[in-house]
1. Of the heavy-atom accessible surface of the chain (probe 1.4 angstrom), what whole percent is carbon and sulfur?
2. Looking at the square roots a ≥ b ≥ c of the eigenvalues of the Cα gyration tensor of the range 1-151, which shape do they give, rounded for a/c under 1.5, prolate if a/b is larger than b/c, or oblate?
3. Note down the net charge around TRP171, summing +1 for each Lys or Arg and -1 for each Asp or Glu among other residues with Cβ under 13 Å from its Cβ.
4. What number comes out for the charge environment of LEU141, summing +1 per Lys or Arg and -1 per Asp or Glu over other residues with Cβ under 10 Å away?
5. Any idea what diffusion coefficient the range 188-230 gets from Stokes-Einstein, in µm²/s, Kirkwood Rh on alpha carbon pairs, 25 °C, 0.890 mPa s?
6. Going by average Cβ neighbours within 10 Å, how do the peptides 125-134, 151-160 rank, with the highest at the top?
7. Taking LYS155 as the anchor, which aspartates and glutamates have their alpha carbon closer than 18 Å to its alpha carbon, excluding any fewer than eight residues away along the same chain?
8. Taking amide hydrogens as modeled 1.01 Å from N in the peptide plane, which residues meet the under 5 Å criterion relative to PHE122, leaving out close sequence neighbours?
Amino acid sequence: TGVSLDECPHPVPGVTYYTGNCFDKEFLAELLAKKFDGVVNFMCFNPPRGFENFYQLFLDNTDHYIFLSSCRVYADEEVPVKETSPRLWDVSKDEALLASTDYCIMKAQCEDMLWNSDYKNFTIVRPATTFSEMRYQLVTLEAKNTVGRAMKGKKVVVPIQAKDKPATLCWGGDVAQMIARLLFKPQAMREAYNVCSSESHTWGEIAEYYNKICGLEAVWVDKEDYLKILSPEMNLGVRWQLEYARMFNRITDNSKVLKYTGMKQEELMPLYEGLKSELENTKDFDAIKAIDYIKEWLNDFIKKS
């Protein structure tokens, strides 16, 4: 069963689709009354205190609850990062960041609500940066400003301070396989897993991949110029994503998830081949425009909430 804010244009046989807003507790309660064996939750609770009103509803109505967190929670204190590595929420000295609802803080606070509960039927998964047909990242840029610009013959600016920083990008299909294999495993409950590849490349190397695959030309500029171009109002969230994520040394240890799922690193999709394969299947890139609308709708909804 899949639940989404928008209708599914291409249904998959064997999957039942519901269109609805899971932040509506009445809708969610009616849905969870079906007593699913497992629930994988991709919802983004911002501010995090909203999670207090939801996680018990999920955990009381399923045998296995998987909460989607992120490798963004990790500080830049260990390489490679593993599940026990320090989180920004625990070690950062940036008071503005700690007082914010930035993604890395919000996800860590939601994690803590689960850890501090008496429930045992949950698993926390932390994906690294994940790419697929609708997501093509380069530092903090997403599809419409990477491949989208390449398809229009336009260049893209990227911060030179991130050029030599290692990053982990993982194909969405591999992440889905990892999550699926963690479901219903008793030993996976009340545990956290990095669901990602251990392959890493610098952002400079990743930019070269895009250039070879789709002709994207990167122009490396100072990060302050980059931030002014990306966010003229100098939004702190944009800066934090760059300085507290994409400029970190993101090499990831995935040995724990490989052990418990029986998967092997050599079976995972290599980055270059994955990007090439996804881009070859991207026939109509106009669909990327829908992402902007969805982001605007979500931001408006969060403010009203």
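The values are calculated or read from the model by the stated rules, or taken from the named source; none is laboratory data. All figures in this text were calculated on a predicted structure; none of them were measured in a lab. No Cβ is skipped: glycine too gets one built from the backbone with ideal geometry, and neighbour counts run over all protein chains shown. Note: areas computed on protein heavy atoms with side chains; ligands, DNA, RNA excluded. Shrake-Rupley method; radii C 1.70, N 1.55, O 1.52, S 1.80 Å.
1. 51
2. Cα axes put the range 1-151 in the oblate bin.
3. Overall, the nearby charge balance is -4.
4. Every neighbour counted, the sum reads +2.
5. 181
6. By packing density, highest mean first, the sequence is 125-134, 151-160.
7. GLU142, GLU205, GLU208, GLU217, ASP222, ASP225
8. The answer is TYR65, ARG190.
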